[in-house]
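**Student:** Below are the structure tokens for one structure; questions will follow.
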Amino acid sequence: MTPLRIAAGGLASVLVAALATGCANTAAPPSARQQVIDRVHHAYERTTALPAVSAALTETVASGTSAVAQGKGTAVWEFPHRRGETRMTVNGQTPVIALRVEDTFYEGRTRKALAGTGRDLARTGARNPTAMPQIQAPGLDPFQLTTLLGATSWPDTLESAQPVVTSDDSGQHTEYQLGIPTARLATHAKGADRTWLTAMSRHPGGAVVTVAARLSHGRISTLSAQLPIPKPHSLAKEPKGASIAPTPRPMTVLVSAEFSYVKKPQPLVIPS
């Protein structure tokens, strides 16, 4: 048998190459933060891949920490067609319906009343971003929650991502809380979503929005976010020293959606 001969320096080079290959094949495990982002993003992708899904919706308007109004109803998403609808009753008496079809937004008190109300969100945002419904009435556009959660597609845009154990009447749950800088997310968004995200980032309480998600069977179970409501124009422009009244407390709306996968919702009807 002829002995294997390795030239001078050859053994060292062989060992170095073997070690390098071994290191390359042994990737570092993802961090705890990245594991949270990956888990939530997987649920986001599975949920938004469905042809249609609905959720029970609750929106609570607060002044500071005091609730001043509440709306309850449902939200429906048809993700492949970029259509979504919010239907709710405010304080148990005032009905509201909002429908978004791509970048056209309809709003009224009944389905019949939606006809003729369509607004081009891109055009509204170009004229005055603060006048967009996503800023003046945050939460009416059902895609606001899912657009924010879409930040998991770009992990570097997230300020924080962590699991938190919460409790309610049904027991303990793991809630994944994501700190989302809206201006960073806006650089990845398109059209009207880029505009309202940029506008929101400039309002008090809107620079970083915390989105909380619970997951079940690899899909979104609940999704919530607290969104800022801008001051009325008259207060925003009030000259210094014009009043000694106390500063109004910041207004926010807590938007909470509880998803249901039991049956497919009825198709959304586009107003004529």
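**Student:** Name the long-range amide H neighbours of Arg83: under 5 Å, sequence gap of 5 or more, or other chain; modelled H, no Pro or chain starts.
**Tutor:** Glu78, Glu102
**Student:** OK, next. Quick one: how many Å² of Arg123 are accessible to a 1.4 Å probe, rounded to 10?
**Tutor:** In the full protein context, Arg123 sits at about 150 Å².
**Student:** With a ≥ b ≥ c taken as the square roots of the eigenvalues of the C-alpha gyration tensor of the range 146-218, please select rounded if a/c is under 1.5 and otherwise prolate if a/b is larger than b/c or oblate if it is not? Provide the component values of the computation, followed by the final result.
**Tutor:** Numbers: a/c = 2.44, a/b = 2.00, b/c = 1.22.
Because a/c hits 1.5 or more and a/b exceeds b/c, the range 146-218 counts as prolate.
**Student:** Something else: Rounded, prolate or oblate: which one fits the range 136-179, using the alpha carbon gyration tensor with axes a ≥ b ≥ c (rounded when a/c is under 1.5, else prolate when a/b beats b/c, else oblate)? Don't skip to the answer; put the middle values down first.
**Tutor:** Numbers: a/c = 2.88, a/b = 1.26, b/c = 2.29.
Judged from the Cα gyration tensor, the range 136-179 comes out oblate (a/c at least 1.5, b/c at or above a/b).
**Student:** Just to be sure I understand the model, the point goes 7 Å from the Cα along the line to the Cβ. What's the resulting Arg33 to Phe79 distance in nm?
**Tutor:** Result: 2.6 nm between the two label points.
**Student:** For the range 120-241, calculate the relative contact order in percent as a whole number, restricting contacts to Cα pairs under 8 Å that are 6 or more residues apart.
**Tutor:** Working: 181 pairs, mean separation 28.6, N = 122.
Relative contact order comes out at 23 percent.
**Student:** So, one more: Spelling out what I want: for every residue of the range 127-139, take phi, set θ = phi - 60°, compute 6.51 cos²θ - 1.76 cosθ + 1.60 (Karplus), and round to whole Hz; glycine and proline get x.
**Tutor:** Each residue's phi maps through the Karplus curve to give 6, 7, x, 5, 7, 5, x, 5, 9, 6, 9, x, x Hz.
**Student:** On to the next question. Between Val68 and Gln136, what is 0.36 nm times their sequence separation minus the Cα-Cα distance? Round to one decimal in nm.
**Tutor:** Working: separation 68, 0.36 × 68 = 24.48 nm, distance 1.64 nm.
Length gained, Val68 through Gln136: 22.8 nm.
**Student:** Gain in length, Glu159 to Val262, computed as 0.36 nm per residue apart minus the alpha-carbon separation, to one decimal in nm?
**Tutor:** Values: separation 103, 0.36 × 103 = 37.08 nm, distance 3.42 nm.
This chain segment gains 33.7 nm when fully extended.
**Student:** List, in order, the whole-Hz ³J(HN,Hα) value for each residue of the range 212-218 obtained from phi through the Karplus relation with A = 6.51, B = -1.76, C = 1.60 and θ = phi - 60°; use x for Gly and Pro.
**Tutor:** 10, 10, 10, 10, 8, 6, x
**Student:** Something else about it: Could you run the Karplus curve 6.51 cos²θ - 1.76 cosθ + 1.60 with θ = phi - 60° over the range 52-62 and give me ³J(HN,Hα) per residue in whole Hz, x for Gly and Pro?
**Tutor:** 7, 8, 10, 8, 6, 10, 10, 10, 10, 8, 10
**Student:** Name the shape class, rounded, prolate or oblate, that the alpha-carbon gyration tensor gives for the range 192-234, where a ≥ b ≥ c are the square roots of its eigenvalues, rounded holds for a/c under 1.5, and otherwise prolate holds if a/b is larger than b/c and oblate otherwise. It would help to have the intermediate numbers written out before the result.
**Tutor:** On the way: a/c = 3.36, a/b = 2.32, b/c = 1.45.
Prolate.
**Student:** Please list, ordered by chain and number, the residues whose modelled amide H lies under 5 Å from the amide H of Ile220; skip anything fewer than 5 residues away on the same chain.
**Tutor:** Counting only residues 5 or more places away or on other chains, the set is Thr47.
**Student:** Oh, and also: Taking the Cβ of Gly116 as the center, what net charge do the other residues with Cβ under 15 Å away carry, scoring Lys and Arg +1 and Asp and Glu -1?
**Tutor:** Details: positive: Arg109, Arg111, Lys112, Arg119; negative: Glu107, Asp120.
Net charge around Gly116: +2.
**Student:** Given a Förster distance of 45 Å, report the FRET efficiency between Lys112 and Gln172 from their Cβ-Cβ distance, rounded to the nearest 0.05. Show your work: numbers first, answer last.
**Tutor:** Working: r = 45 Å, r/R0 = 0.99.
Computed FRET efficiency for Lys112 and Gln172 comes out at 0.50.
**Student:** Just to verify a number: what accessible area does Glu258 come out at with the full protein assembly present, 1.4 Å probe, Å² rounded to tens?
**Tutor:** Glu258 has an accessible surface of roughly 110 Å² with all protein chains in place.
The values are calculated or read from the model by the stated rules, or taken from the named source; none is laboratory data. The model shown is predicted, which means the values in this text are computed figures rather than measured ones. We place every Cβ from the backbone using ideal geometry, glycine too, and count neighbours over all the protein chains shown. Remember, those area values only see protein heavy atoms, side chains included, never the ligands or the DNA or RNA. Shrake-Rupley method; radii C 1.70, N 1.55, O 1.52, S 1.80 Å.
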